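Reading through the structure tokens given below for one structure.
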Amino acid sequence: MTATLLTTKRVEKPWGRHTLYPGFPDPAPDAEPIGEVWFEAPKGVRDPDLLIKYLFTSEKLSVQDHPSDAEAQKRGLPRGKDECWLILDAEPDSTIAIGPKVTMTADELRESALDGSIEDKLDWKSVKAGEFYYSHSGVIHAIGAGLTVIEVQQNSDTTYRLYDYGRPRELHLDDGVAVADLEPWVAPPMPGEVSEGRTILVEGPKFVLERWGGGTRDVVLPEGVDGWLVPVKGAGTIGGIGWIAGQCVLIDGTETLEADAGSDLLFAYPGDTRI
């Protein structure tokens, strides 16, 4: 029964920022922009099922997709990548592209990626703080500029870049087209509130994501199952570990959570588990 405050890994990206978000120190003005902050488990901890990130964007991310578990394993990788995004902050004109506007063929996807017309064929949605999106493996997507996002995902860094606005980075058209979902994206139903102060945002199959309010609760996880506490707002303790917004705590076993009134928490765990 342990609670471990995870360390952070700052990842430089061409689309990142020099002004991040409260709780995250800004990079030096002459340093490379920071696009992502990953929360990492200590060495020696079993390979985690999930990865938690913050994203900070000043430009559009590449148009990309990710493989399913089956497609990843065909390529010798341990798992695919379903992911979801909670929008923390957004500029008035911020957007996310998620899925094509209309059904495409694989040839149309490849050709539009090569000539750049793919930008106009994607469904760019205006987004604002507080919104939530789930993107299953295969969905063609691009996160836009001016966003601060918490991303919860399967623990995979496999990204197939289809189009990158002329940036000098490698594309992965063969794999990206092969795994792509060519249909328009449809938002999956959210189960919603299951009890006072507890709402389920994602109910599998790859992970479960719940949203909790403040107060005291016992967190009970089956043997061998990890849970990720992601404080969006507030402060508190769990298992003797103090936490504040902008951190992440890895939990196993049974622990008591104390969260200040008004706290806003995400709690994620593998999708084949129910707690």
message = Can you find a residue that is among the basic types (Lys, Arg), in contact (Cβ under 8 Å) with a residue 12 or more places away in the chain and in a strand (DSSP E or B) anywhere in the stretch 50-61?
response = yes
task = Consider ALA90 carefully, then state whether it is in contact with a strand residue (DSSP E or B) (Cβ under 8 Å, 6 or more places away or on another chain), touching a residue at least 40 places away in the same chain (Cβ under 8 Å) and surrounded by 20 or more Cβ atoms within 10 Å (Cβ to Cβ).
result = yes
note = The correct count of residues that are hydrophobic (A, V, I, L, M, F, W, C) and either over 23 Å from the mean Cα position of the chain (by Cα) or surrounded by fewer than 17 Cβ atoms within 10 Å (Cβ to Cβ) (or both) in the stretch 119-131 is 2
task = Might you let me know whether the stretch 215-233 holds any residue that is touching a Pro at 6+ places or on another chain (Cβ under 6 Å), among the aromatic types (Phe, Trp, Tyr) and part of a strand (DSSP E or B)?
result = no
ask   = With respect to the numbered conditions (1) closer than 18 Å to ILE98 by Cα; (2) not assigned by TED's automatic domain parsing to the domain that holds GLN73, which one is the sole condition not fulfilled by ASP164?
value = (2)
message = Residues that are surrounded by 17 or more Cβ atoms within 10 Å (Cβ to Cβ): list the strands (runs of 3 or more DSSP E) wholly contained in the stretch 137-207 that include at least 2 such residues.
response = 141-143, 147-154, 160-163, 198-203
key: Residues within the stretch 74-125 that are of a type outside the set (Lys, Arg), farther than 20 Å from LYS53 by Cβ, in contact with an Asp or Glu (Cβ under 6 Å, 6 or more places away or on another chain) and not in a strand (DSSP E or B), tallied   = 1
query = So, of the residues in the stretch 230-246 that are closer than 14 Å to ASP260 by Cβ and among the aliphatic types (A, V, I, L, M), which turns out to be surrounded by the most Cβ atoms within 10 Å (Cβ to Cβ)?
reply = ILE238
request  = Could you tell me whether any residue of the stretch 4-17 is closer than 24 Å to LYS206 by Cβ, in the same structural domain as VAL127 (by TED's automatic domain parsing) and free of Cβ contacts under 8 Å to residues at least 24 places away in the same chain?
outcome  = no
key: For THR57: the one exception among (1) buried (at least 22 other Cβ atoms within 10 Å of the Cβ); (2) modelled with pLDDT under 95   = (2)
request  = Could you please find all residues in the stretch 150-166 being out of contact with any His (no Cβ under 7 Å at 6 or more places or on another chain) and within 26 Å of THR105 (Cβ to Cβ)?
outcome  = LEU162, TYR163, ASP164, TYR165, GLY166
inquiry  = Suppose we keep only residues that are of a type in the set (Ser, Thr, Tyr) and part of a strand (DSSP E or B) within the stretch 247-275. Which one would you say is surrounded by the fewest Cβ atoms within 10 Å (Cβ to Cβ)?
reply    = THR254
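The values are calculated or read from the model by the stated rules, or taken from the named source; none is laboratory data. All values derive from a computational prediction rather than experimental measurement. Using ideal geometry, Cβ is built from the backbone for each residue, glycine included, and neighbour counts are taken over all protein chains shown.
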